[in-house]
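Here's the structure, in structure tokens; my notes come after.
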Amino acid sequence: MYRHILIATDGSFLASRGVAHGVQLAKALNAKVTLLTVSERFHAFSLEAEQLEETASSFKEHVAKEASKTLEEAAKVAADAGVEASPIHREDDEPYQAIVRTAEGRGCDLIVMASHGRGGVSAMFLGSETLKVLSHSKLPVLVVR
């Protein structure tokens, strides 16, 4: 059925549930896994609190460290389950685009990601990367709640 699953994670508790579910699915199907985390690029002019106090180089260092931690945790889940996993970190201002592009580019046949459960007005104004992936991907998407 599925032979190569892309699992997207941002390192949050809810995303870790998506990682665990995706890894167990991969194990059951004897599929390989690509673990992906996407970070926003540095912007000289930004309203993001993280970027206001940082220079481009310190921001990059901070992002790389967080991405590495996120991917190490996800890779451990995969290794503990005996699932082959390749970790990837991408930088993109539109994470959903990076997720879809990476899945297509790596020949994945399923995307697994967690829903952060925003609803109502919050989801409408903030948007949801999961919803955007669902809307733009030609590949099947499994959403873990």
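The values are calculated or read from the model by the stated rules, or taken from the named source; none is laboratory data. This one's a predicted model, so the numbers in the text were calculated from it and none came from an experiment. Heads up, the Cβs are rebuilt from the backbone with ideal geometry, glycines too, and the neighbour counts pull from every protein chain shown.
Numbers at a glance
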| quantity | calculated |
| --- | --- |
| The stretch 1-11 - residue that is touching a residue at least 60 places away in the same chain (Cβ under 8 Å) and over 10 Å from the mean Cα position of the chain (by Cα) and, of those, surrounded by the fewest Cβ atoms within 10 Å (Cβ to Cβ) | R3 |
| Residues of the stretch 1-44 that turn out to be aliphatic (A, V, I, L, M) and part of a strand (DSSP E or B), as a count | 8 |
| Flag if V23 is outside the structural domain of V143 (by TED's automatic domain parsing) and either at pLDDT below 95 or closer than 13 Å to I5 by Cα (or both) | yes |
